[in-house]
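In what follows, a structure is listed as structure tokens, so that the remarks can point back to it.
The values are calculated or read from the model by the stated rules, or taken from the named source; none is laboratory data. Not measured: the values here are computed from a predicted model. Here the Cβ is made from the backbone with ideal geometry for all residues, glycine too, and neighbour counts use every protein chain on show. Just so you know, the surface numbers come from the protein's heavy atoms only, side chains and all, with ligands and any DNA or RNA stripped out. Shrake-Rupley method; radii C 1.70, N 1.55, O 1.52, S 1.80 Å.
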Amino acid sequence: LIPKPQTKRTMVATFAQMDQAAESVSAIIAAQIIPCTLEFLDRMTIHCVEDYAKIGLPLDCEALLLMETDGHPAAVAEEAAQMEKICRDQGCLEVRVAKDDIEAAKLASARRTAFSALARVAPTTILEDATVPRSELAKMIRFVAAVAKKYQLKIGTFGHMGDGNLHPTFLTDERNKDEMHRVEEAFKEI
């Protein structure tokens, strides 16, 4: 029903701190850029996805953003350059542009395989939706990490940051009653 975009550019930006990735998203949205994809993966999710799907994701970072823009070639080039600059201004480690459609499809699969990859780590996987204003993403990322530490739980976080939707995913074992109690308390807080 809608013609395919003339072109698409897929990029991955890596960050030493999760806050930097979240702040980059807020800055991209504030710059009135509407990428077709703006996905976040934290360190745990990156490692699980790479172990599971062998995509070639960088493992030397705390977070990454998968960004795609599509449309008219000139608009795509401009938006991609703006997003790269924003990420660099926020202190990203690297921005990698997919060299072709095959690499772009491979990188895009990282987000689609996140839940499956995390689900392999523990007997019980519980995914939650946490939607916040995009200006509050960094605060929410810090909060989820603090809750995981407070309750001594494994939580992998990924999501579509472009609309403020995060998926804190608890990796646990429902047979462990003490741990499940901590999961329930952590869920309440989140």
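Among strands (runs of 3 or more DSSP E) entirely within the range 15-116, having at least 3 residues that are closer than 18 Å to LEU166 by Cβ and within 15 Å of the chain's Cα centre (by Cα) singles out 37-42, 63-71. Cβ separations smaller than 7 Å between residues 6+ apart or across chains give the following pairs from the range 15-36 residues that are of a type in the set (Ser, Thr, Tyr) to residues that are open to solvent by 40 Å² or more (accessible area, probe 1.4 Å): SER24/GLN90; SER26/ARG134; SER26/SER135.
Of all residues in the range 162-183, exactly one satisfies the criterion of being open to solvent by 50 Å² or more (accessible area, probe 1.4 Å) and within 24 Å of the chain's Cα centre (by Cα), namely ASP163. Looking across the range 20-48, the residues that are open to solvent by less than 10 Å² (accessible area, probe 1.4 Å), within 18 Å of ALA98 (Cα to Cα) and not aromatic (Phe, Trp, Tyr) come down to LEU38, LEU41, ILE46.
Taking the range 117-135 on its own, how many of its residues are under 15 Å from the mean Cα position of the chain (by Cα) and open to solvent by 20 Å² or more (accessible area, probe 1.4 Å)?
6
Looking for something open to solvent by 30 Å² or more (accessible area, probe 1.4 Å), over 15 Å from the mean Cα position of the chain (by Cα), among the basic types (Lys, Arg) and closer than 20 Å to SER26 by Cα - is there at least one such residue anywhere in the range 142-153? Checking the range 142-153: not a single residue is open to solvent by 30 Å² or more (accessible area, probe 1.4 Å), over 15 Å from the mean Cα position of the chain (by Cα), among the basic types (Lys, Arg) and closer than 20 Å to SER26 by Cα.
Restricted to the range 125-173, and to residues that are among the acidic types (Asp, Glu) and assigned to a helix (DSSP H, G or I), which residue is farthest from PHE115 (Cα to Cα)? Of everything passing the filter in the range 125-173, GLU136 is farthest from PHE115 (Cα to Cα). Pairing residues of the range 65-86 that are within 16 Å of GLU103 (Cβ to Cβ) with residues that are among the acidic types (Asp, Glu) and not in a helix (DSSP H, G or I), at Cβ distances under 6 Å and at least 6 apart in sequence or on separate chains, gives LEU66/GLU39. Condition test on THR14, is it at pLDDT 95 or above, β-branched (Val, Ile, Thr) and crowded, with 24+ Cβ neighbours inside 10 Å? Spelling it out, it is not the case that THR14 is at pLDDT 95 or above, β-branched (Val, Ile, Thr) and crowded, with 24+ Cβ neighbours inside 10 Å.
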